[in-house]
Each structure stands twice: as C-alpha cells, then as structure tokens.
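Read through the structure below, which is laid out as structure tokens, and then see the notes.
The values are calculated or read from the model by the stated rules, or taken from the named source; none is laboratory data. Keep in mind that this is a model prediction, so the values were computed, not measured. Neighbour counts run over all protein chains shown; Cβ positions are idealised from the backbone, glycine included. Protein only, heavy atoms only, side chains kept; ligands, DNA and RNA dropped before computing areas. Shrake-Rupley method; radii C 1.70, N 1.55, O 1.52, S 1.80 Å.
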Amino acid sequence: MLHGTGHGPESWDRTAALLPSDWETLRPGLSALLGGREASFENLRAALKAYCAGIEGPIHLCGLSLGGILALDYALRRPEKAKSLVLIGTPHRVPRAAFALQNLVFRLLPNSAFKGMAFDKRNTFALGRSMKNLDFRGRLGGVACPALVVCGSNDRANLASAEYLARHIQNAGLKILPGTGHVVNEERPEALAELLTEFYRSLD
C-alpha cells in the first residue's frame with residue numbers, strides 16, 4: 001500500500017485494519033525508502049524497485065495519488081511481479097495548469113506546513129520538477145495484471161483520469177465512491193476495505 005504526497009504510511013492504518021486478519025499488508029513510507037536521497041521520481045522508482053525485490057513472489061500493488069503513479073509505473077516495468085493493481089485517485093498524466101497552480105500555492109506555504117506531508121518543502125518541489133512531464137497515455141495497454149480503479153465522487157481533479165485509466169487498462173474495473181474526496185483511505189476506510197476485499201477475493 002503506497003501513500004500519496006500529502007500523507008504518510010499511517011494513512012492506510014484504518015483501511016488495513018478492516019481487511020481480513022490473515023492478509024499481510026506492507027505500508028512503506030516513501031521518504032524512508034529513499035534513505036536520505038532527493039525525492040525525485042527516478043529515485044522513488046529505484047527505491048520501490050529495490051524494496052519490492054526483497055518480497056518473494058508477485059505483489060498486489062495498491063496506491064493512492066503519487067502512490068498510485070508509482071504502483072502503475074512499477075506494474076508496467078515489472079509485469080512479472082505485479083499480481084494485481086489498485087489505483088486510487090491516480091492521475092494518468094500530470095496536468096500542466098494544475099501543476100503550475102499547485103507549485104505557486106506551495107511556494108507561499110511556510111516550511112512548517114509540510115510537516116504532515118510525505119516530504120519537506122525542498123523535496124516536494126524536487127519531486128514536482130521531476131514529474132512535470134509524466135504521462136502514461138499510450139502505455140496503459142502494457143498492464144498485464146487485473147486492475148481496479150477507485151476514485152471519490154468529489155475528487156474532481158481525478159475523476160476524468162479514473163475513467164481514462166479504466167477504459168485503457170485491459171479488463172480494469174471502476175468504482176466511484178459517492179460523497180468522498182481524494183484521500184479515500186482516510187475519508188472512507190470502511191468502504192475502501194470492502195472494495196479491496198471484494199476485488200482481491202475475486203482473484204482467487
């Protein structure tokens with residue numbers, strides 16, 4: 001379970017606690033995976049690859065936002081290791097206008113405002129710079145594992161991407177959670193756990 005930039009691995013705790021007790025969930029912190037390296041997308045990609053290499057056999061990948069981007073990228077690059085893929089509030093490309101606006105807002109925020117986020121202010125900007133041209137269009141047909149795309153109905157920034165991902169990933173399911181925003185795992189952990197349980201059991 002891979003978290004987004006605005007939160008840490010603990011954002012999955014409530015959802016994971018509601019999954020069947022005999023299921024093992026791994027919730028790495030992205031900052032910890034980097035081991036002090038700059039939070040560029042290339043470094044995160046390499047850190048995730050190294051982390052997953054230590055896990056025996058195929059992996060069920062589940063990610064929200066940045067975590068979804070990393071999970072999707074990994075599934076495309078290492079299809080033999082991806083047993084399934086769940087993408088939550090995940091963009092299929094970085095929209096330039098929204099990216100520029102977000103950067104402007106972040107520049108106005110004090111360093112203290114980044115304490116609850118995955119990375120500090122410097123690394124948040126480094127990550128943004130490294131991802132500004134990220135675009136999965138034309139590559140989604142390469143996802144070989146079963147997939148589920150999830151998005152909150154109030155996550156207006158990612159609804160179109162959710163529909164795009166579901167259309168272009170072979171045999172992907174799409175679930176829109178009503179009355180929910182971007183951080184589905186914190187806003188609706190019960191509903192998300194139910195969706196995940198149903199999806200993973202359907203693979204058996």
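Within the stretch 148-204, the set of residues being in contact with a Lys or Arg (Cβ under 6 Å, 6 or more places away or on another chain), touching a residue at least 40 places away in the same chain (Cβ under 8 Å) and aliphatic (A, V, I, L, M) comprises V150, L195. Tell me, please, whether a residue that is assigned to a helix (DSSP H, G or I), buried (at least 16 other Cβ atoms within 10 Å of the Cβ) and of a type in the set (S, T, N, Q) can be found in the stretch 177-185. The answer is yes; a qualifying residue exists.
State whether the residues of the stretch 162-175 include one that is farther than 22 Å from R77 by Cβ, aliphatic (A, V, I, L, M), open to solvent by 40 Å² or more (accessible area, probe 1.4 Å) and modelled with pLDDT under 95. No - not one qualifying residue is present in the stretch 162-175.
Which residue out of A47, A75, A32, A39 is closer than 28 Å to R201 by Cβ and either at pLDDT 95 or above or not hydroxyl-bearing (S, T, Y) (or both)? Break it down stepwise before answering.
Working: A47 fails: closer than 28 Å to R201 by Cβ; A32 fails: closer than 28 Å to R201 by Cβ; A39 fails: closer than 28 Å to R201 by Cβ.
When all the criteria are applied, what remains is A75.
Checking the structure you have, find out if any residue of the stretch 122-138 is under 29 Å from P58 (Cα atoms), basic (K, R) and not in a helix (DSSP H, G or I). Checked against the condition, which is being under 29 Å from P58 (Cα atoms), basic (K, R) and not in a helix (DSSP H, G or I), the stretch 122-138 yields at least one hit.
Among the residues of the stretch 127-156, which ones are under 16 Å from T180 (Cα atoms) and crowded, with 16+ Cβ neighbours inside 10 Å?
Initial filter on the stretch 127-156 (under 16 Å from T180 (Cα atoms)): 149-156.
V149, V150, C151, G152, D155, listed by residue number.
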